[in-house]
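Here the structure comes first, spelled out in structure tokens, and everything after it is commentary.
The values are calculated or read from the model by the stated rules, or taken from the named source; none is laboratory data. On a predicted model such as this, the values are computed, not experimentally measured, just so you know. Note that each Cβ is placed from the backbone with ideal geometry, even for glycine, and that neighbours are counted across all protein chains shown.
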Amino acid sequence: MRTNTKDPNIARCYLMLCVLLAIPTATFAQAKVDETVLKNLQWRSIGPANMGGRIDDIAVVESNTNVFYVGAATGGVWKTTNNGTTFEPLFDEQGSTSIGDIAIAPNDPNIIWVGTGEPNNRQSSSWGDGIYRSLDGGKTWKNMGLADSRHIGRVVIDPHNAEIVYVAVVGHLWGPNKERGLYKTTDGGKTWKNMGLADSRHIGRVVIDPHNAEIVYVAVVGHLWGPNKERGLYKTTDGGKTWMNVLFVNEDTGVIDVAMDPQSPMTLYAAAYQRRRTAFGFNGGGPGSAIYKTVDGGATWKKLTADLPEGPTGRIGIDIYRGNPNIVYAIVENAKGGVFRSEDRGEHWRKMSDVDSRPMYYSQIRIDPNNDQRIWQPAAPMYVSDDGGKTWATNIVGRIHGDFHALWIDPKDSNHMFAGSDGGIHESYDRGRSWDFINTIPLGQFYEVSVDNQKPFWVYGGL
């Protein structure tokens with residue numbers, strides 16, 4: 001192309017372009033900010049103050065329910081000692097504010113473990129930098145390792161020995177990495193051992209036998225994008241030194257949930273789940289999904305089919321009534337699915353209703369610990385039933401933010417409840433008839449921030 005250098009404006013532009021192209025790109029890459037200029041700048045919160053963000057976990061000290069911890073998707077860990085009147089931020093000085101799970105030691109409420117990295121598989125999910133421990137109720141913290149875990153889905157503490165901890169590591173969301181699977185420490189996090197299951201990719205649940213902490217069950221969902229062999233329900237009887245795949249359906253089907261009979265730990269219910277993510281969609285079901293039951297600790301299994309829907313089935317959630325383990329509820333994703341109730345430990349089922357809100361994302365069912373007729377479905381919105389699942393209401397929680405991810409019901413007093421959603425945390429003292437928004441946690445999940453040129457300038461945040 002010939003340049004018209006007779007036009008002075010064109011000539012100047014051409015000369016400027018040549019100069020810019022001649023500057024080595026390394027000059028920009030090697031430029032460093034003078035840290036002395038920035039070191040005295042202090043961060044300060046500019047609000048908004050009375051709002052909420054996505055809650056990933058709520059951990060309550062059951063011996064003193066005035067004390068509880070809240071883990072946020074992007075807001076760190078918060079603690080209250082006065083039932084939510086005030087909250088203290090505990091993670092402002094730590095390396096990550098994205099929280100996956102919080103666990104309180106059953107034998108010492110001062111020992112807190114926090115797994116970082118939101119476990120939800122969303123484009124907006126932030127990653128973490130490992131597992132943290134506090135020995136003084138959250139006053140001080142120490143990173144105990146697993147820095148490349150990125151996303152931690154579950155932390156389980158031995159009920160008899162707080163030095164023994166299991167951590168379910170999801171791993172990188174956007175690519176492969178080696179630090180995945182189930183990890184265990186026997187010395188309070190000084191050392192970690194990968195207990196295998198590295199190819200599990202996604203772990204749905206970890207359950208410890210309450211009478212023998214060496215016996216652990218792990219529900220392995222498996223790969224999201226393709227088949228793999230390391231799926232199903234795994235069991236260890238030696239604290240994770242060796243593992244047995246006690247329930248394997250096929251290479252396309254994993255186990256998303258497992259429930260242990262509170263009176264007979266040899267009896268378990270496992271929810272097999274066949275799913276597959278594709279480039280432009282999600283296949284959330286197939287012939288492999290089903291409910292299985294064992295009464296001998298996984299040595300033999302029975303597929304429960306009586307009165308349950310046939311055909312392609314998706315995600316299943318299970319809960320056992322702690323007051324009477326004969327009563328079991330299941331929420332089943334199926335063309336003829338919904339909520340099912342069994343009164344003979346799963347041998348026979350009765351369909352209670354069709355309600356199953358966005359099953360691939362939720363499929364959680366929770367029984368009131370003191371009333372087997374009162375059932376909850378954390379979803380969008382929250383569903384509640386007072387007749388064993390025959391009819392459902394959403395209006396009692398209609399005035400609070402939807403998209404619920406966490407629900408806690410006081411085992412000693414069912415009137416007292418906490419609910420965590422994308423809009424923050426709410427508390428009820430009347431079994432969920434009314435809810436108080438706890439607005440003392442300044443959380444917000446901003447996706448974009450901008451300022452304008454006004455004086456004084458305005459700040460805009462997109463949630």
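Quick look at the numbers
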{"read-out": "Whichever residue in segment 181-191 is crowded, with 20+ Cβ neighbours inside 10 Å and at pLDDT 90 or above and, among such residues, is farthest from residue 163 (Cα to Cα)", "value": "184"}
{"read-out": "Boolean, residue 204 is small (Gly, Ala, Ser) and either exposed (fewer than 15 other Cβ atoms within 10 Å of the Cβ) or part of a strand (DSSP E or B) (or both)", "value": "yes"}
{"read-out": "Any hit, segment 228-241, residues being in a loop (DSSP other than H, G, I, E, B), buried (at least 19 other Cβ atoms within 10 Å of the Cβ), of a type in the set (Lys, Arg) and in contact with an Asp or Glu (Cβ under 8 Å, 6 or more places away or on another chain)", "value": "yes"}
{"read-out": "Qualifying residue in segment 82-90 (condition: in contact with a strand residue (DSSP E or B) (Cβ under 6 Å, 6 or more places away or on another chain), without any contact (Cβ under 8 Å) to a residue 60 or more places away in the chain and outside any strand (DSSP E or B))", "value": "yes"}
{"read-out": "Matching residues, segment 411-456, being closer than 16 Å to residue 48 by Cα and modelled with pLDDT of 85 or more", "value": "449, 450, 451"}
{"read-out": "Exclusive hit being charged (D, E, K, R) and assigned to a loop (DSSP other than H, G, I, E, B), set 178, 184", "value": "178"}
{"read-out": "Residue satisfying condition, being surrounded by 14 or more Cβ atoms within 10 Å (Cβ to Cβ) and farther than 20 Å from residue 190 by Cα, within set 45, 126", "value": "126"}
{"read-out": "Pairs, first in contact (Cβ under 8 Å) with a residue 60 or more places away in the chain and part of a strand (DSSP E or B) in segment 375-396, second of a type in the set (Gly, Ala, Ser) and crowded, with 16+ Cβ neighbours inside 10 Å, C-beta under 8 Å, six or more apart", "value": "none"}
{"read-out": "Any hit, segment 204-215, residues being more than 25 Å from residue 267 (Cβ to Cβ) and small (Gly, Ala, Ser)", "value": "no"}
{"read-out": "Segment 302-333: number of residues that are buried (at least 19 other Cβ atoms within 10 Å of the Cβ) and within 30 Å of residue 282 (Cβ to Cβ)", "value": "16"}
{"read-out": "Verdict on residue 152 being of a type in the set (A, V, I, L, M), crowded, with 19+ Cβ neighbours inside 10 Å, modelled with pLDDT under 90 and within 14 Å of residue 99 (Cβ to Cβ)", "value": "yes"}
{"read-out": "Any hit, segment 285-294, residues being farther than 20 Å from residue 207 by Cα, exposed (fewer than 14 other Cβ atoms within 10 Å of the Cβ) and under 27 Å from the mean Cα position of the chain (by Cα)", "value": "no"}
{"read-out": "Of all residues in segment 63-88 being buried (at least 19 other Cβ atoms within 10 Å of the Cβ) and modelled with pLDDT under 90, the one that is farthest from the chain's Cα centre (by Cα)", "value": "84"}
{"read-out": "Count of segment 304-327 residues which are under 28 Å from residue 414 (Cα atoms) and not hydrophobic (A, V, I, L, M, F, W, C)", "value": "9"}
{"read-out": "Extreme residue, nearest to the chain's Cα centre (by Cα), among residues of segment 443-459 that are of a type in the set (Phe, Trp, Tyr) and farther than 30 Å from residue 99 by Cβ", "value": "458"}
{"read-out": "Residues within segment 431-463 that are within 30 Å of residue 382 (Cα to Cα) and among the basic types (Lys, Arg), tallied", "value": "2"}
{"read-out": "Condition check for residue 70: touching an Asp or Glu at 6+ places or on another chain (Cβ under 8 Å) and assigned to a strand (DSSP E or B)", "value": "yes"}
{"read-out": "Residue ID - nearest to residue 293 (Cα to Cα), chosen from residues in segment 307-353 that are among the hydroxyl-bearing types (Ser, Thr, Tyr) and touching a residue at least 40 places away in the same chain (Cβ under 8 Å)", "value": "329"}
{"read-out": "Matching residues in segment 346-360 - criterion: being of a type outside the set (Asp, Glu) and crowded, with 17+ Cβ neighbours inside 10 Å", "value": "346, 349, 351, 352, 353, 355, 357, 359"}
{"read-out": "Residue check for residue 157: of a type outside the set (Ser, Thr, Tyr), under 17 Å from residue 107 (Cβ atoms) and within 19 Å of the chain's Cα centre (by Cα)", "value": "yes"}
{"read-out": "Odd one out for residue 366 among (1) within 18 Å of the chain's Cα centre (by Cα); (2) farther than 28 Å from residue 257 by Cβ; (3) not acidic (Asp, Glu)", "value": "(2)"}
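Each row is one residue, and each column tells you yes or no for (1) in contact (Cβ under 8 Å) with a residue 40 or more places away in the chain; (2) under 26 Å from residue 66 (Cα atoms); (3) in contact with a Phe, Trp or Tyr (Cβ under 8 Å, 6 or more places away or on another chain).
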site	(1), (2), (3)
355	no, no, yes
368	yes, yes, yes
417	no, yes, yes
429	no, yes, no
439	yes, yes, no
